[in-house]
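Reading through the structure tokens given below for one structure.
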Amino acid sequence: MSIIMNENERSAAIDLITEINQYVSTVNIVIKKAGGEITMNNFKNAEGNSRKIMFPDVLLYSDTNKINLLQGWELKMPDVSVHDNTYILDAQDKAEKLGLNTTVLWNFHEVVLYVKNNGQWIIEKQWGDLLEITTREDVVKKQIIWKNFLPSLLRELNEFYHTGVIKEKKLDEISDRVTTYLIEDHKQLLADHLKSKAKENRIIDAKINEWWKVTKIEYLKDEADPYIAFSKNILLNWITRFIFGNLIMPVHDVAKCILDISTLNKPDEVNNMFEKITKISDYYTIFQAQQFNNLLPELVWNRLIDFNAFLNDKVVTHEILQQLLESSVNQFKREIIGQYTTPENVAKLLVLSTVVDSTSNDIDPCCGTGTIPKEVMKLKQKLGITEREIHDTTWASDKMMFPLQVANMALTTPTSMNMINKVFQRNVFSLANVSETVKITSPETGELMEFTLPKFKNILSNLPFVPFEIIEKK
């Protein structure tokens, strides 16, 4: 039996979330906020049929910004027993994807708290205070019963938290785990879908195999199938854009259009939204659509939409923003080219050994995911160079687009989102000319600006050579 939310359950879940929030606003317990209703707004597919949601129906947070997640509840009506195996496994699976060690099953007739100990899920406590509610109609007719019981349950969960039974997870940890799940559990499905589409359009196969010839060395330790490797790129392309789109909303109102994305939107429509965001922000390398990223099976698209909806209702502070940026960059490095990125300690040693004039222009022409230019920026910041001067004098380029998405994120800080990152796509061999120009969109004006490459005192890369002509003569 497939457990899928229906309209009645969605309505009841929203009522329950409302009741939780009303109660916790009047007391001082660890639970500060309940959420989940935004994700549930997408519980129907494009055809209007109900579907299984990626996240728990109710989410409990220890902060009003919804950053620190305590627990997820899986809701059903009384006609689905809390002992139903599919129901139990679904709740536990969702908790594990979020990295949570507890989950609650609530069917308005009984309530069960499961805790994961030593890899095994066990029942910690079961409540029978709602046994009088036996039908779907009772959920509404006898709602006073479950509403009166709710405060005592929340107080007990508060005690379970203080005794160490319930453990919380921060947003950056959750995003890290969910990203891994989205890629590992859906890359094969997407690859199979692309292969099917390639039978109808042989250009798809030709393009993917052409891409593979250039990039396969980056994947051979993990993926031997070019379609699976390409599918990972597509998934990361969507995940990157959803994460970063949510992050820049406080400083770029145009990005707020992603709050309205639902399963009713097709991938092409959402690509158009990101194009509009790109026109007035300096994040082309992040928001550029991966080729064939619109060829998604429905299940994969639904999961990505759920992920975006989960991010939508978060209030991201400066500190959390920095943590999420860093965890996202690290996650993407691991998923694609982690084994080939320069270790941070090596990058730091290279920068400290090479950069003499901290006010000079520096470039990494084979920057990959930006580890070396990030260390350049750290050094300049430590030496008291202003943030704008740091961004003006730190350059990064690579011939591959995907690493540049990660590099652009790596070079962005919460206080520099309106500053230009000198990140651009170019083959290193074409940079042996000081008159070379690059175009980058200004995040302040939205205008496409043209920059002439300066002479560089320092060229930092893993190459055994440098394009001599663009080194400033000492």
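Every read-out reported here was derived from the displayed coordinates using simple, explicitly stated rules and does not represent laboratory data. These numbers come from a predicted model, not from an experiment. Every residue, glycine among them, receives a Cβ derived from its backbone with ideal geometry; neighbour counts consider all protein chains shown.
Okay, here's what the table says:
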quantity	calculated
Magnitude of the charge dipole, the chain, Cβ model with Lys/Arg +1 and Asp/Glu -1, debye to 20	1000
Using distinct alpha-carbon pairs, which all enter the 1/r mean, Kirkwood radius of the range 7-167 in Å	15.9
Ordering of 171-178, 293-300, 193-200, 239-246 by packing [mean C-beta count within 10 Å, highest first]	239-246, 171-178, 293-300, 193-200
Farthest toward positive dipole pole in the chain [+1 Lys/Arg, -1 Asp/Glu at C-beta], among GLY36, SER231, SER353	SER353
Dipole of the range 7-167, positive end: most advanced residue of SER11, THR86, LEU59 [Cβ charges, Cα centre]	LEU59
Estimated inter-spin distance, ASN418 and ILE29, nm [label 7 Å along Cα→Cβ]	4.3
Ratio of Rg to Rh over the chain (Cα coordinates, Kirkwood Rh, two decimals)	1.02
Gain in span if fully extended, LYS455 to GLU159, counting 0.36 nm per residue against the direct Cα distance	100.2 nm
Cα-based Kirkwood hydrodynamic radius, the range 347-393, one decimal, Å	10.7
Residues whose placed amide H lies under 5 Å from that of LYS125, excluding near-sequence neighbours	LEU113
Amide H contacts under 5 Å for ASN101, placed H, 5+ residues apart	LYS167
Estimated [θ] at 222 nm from DSSP helical runs (n ≥ 4, -39500 (n - 2.57)) normalised by residues in the chain, nearest 500	-14000 deg cm²/dmol
Cut-off under 5 Å, modelled amide H: who pairs with ASN68 long-range	SER62, ASP63
Net charge over other residues, Cβ less than 14 angstrom from the Cβ of GLU156 (K, R count +1; D, E count -1)	-1
Filter on LYS169/LYS279; LYS348/LYS455; LYS195/LYS439; LYS374/LYS455; LYS33/LYS276 - keep pairs with C-alpha separation over 27 Å	LYS169/LYS279; LYS195/LYS439; LYS33/LYS276
Estimated distance in nm for a label pair at ARG202 and THR134, the labels positioned 7 Å out from Cα along Cα-to-Cβ	6.7
Listed peptides 30-38, 379-387, 149-157 by packing density, highest first (mean Cβ within 10 Å)	30-38, 149-157, 379-387
Debye, to nearest 20: dipole size of the range 134-209, +1 on Lys, Arg Cβ, -1 on Asp, Glu Cβ	300
Cβ-Cβ FRET estimate between LYS195 and LYS141, R0 fixed at 60 Å, reported to 0.05	0.70
Sorted largest first, extent of the range 126-215 alpha carbons per principal axis (Å)	63, 37, 17
Stokes-Einstein diffusion coefficient of the range 175-337, Kirkwood radius over Cα pairs, 10 °C, 1.306 mPa s, in µm²/s	97
Calculated FRET value between LYS439 and GLN188, using beta carbons and R₀ = 51 Å, to 0.05	0.85
At 0.692 mPa s and 37 °C, Stokes D of the range 185-269 from Kirkwood alpha-carbon radius, µm² per second	222
Relative contact order %, the chain, counting alpha carbon pairs below 8 Å whose residues are six or more apart	12
12 Å Cα-Cα reach of LYS94 towards aspartates and glutamates, excluding residues that sit fewer than 8 places from it in its own chain	ASP57, GLU74
Top positive-direction residue, dipole computed over the chain with Cβ charges, set LEU171, LEU130, ASN272	ASN272
FRET E, pair LEU259, LEU299, Förster distance 22 Å, beta-carbon r, rounded to 0.05	0.45
³J(HN,Hα), Karplus 6.51/-1.76/1.60, whole Hz, each residue of the range 231-239, x for Gly, Pro	5, 4, 4, 4, 4, 5, 4, 5, 4
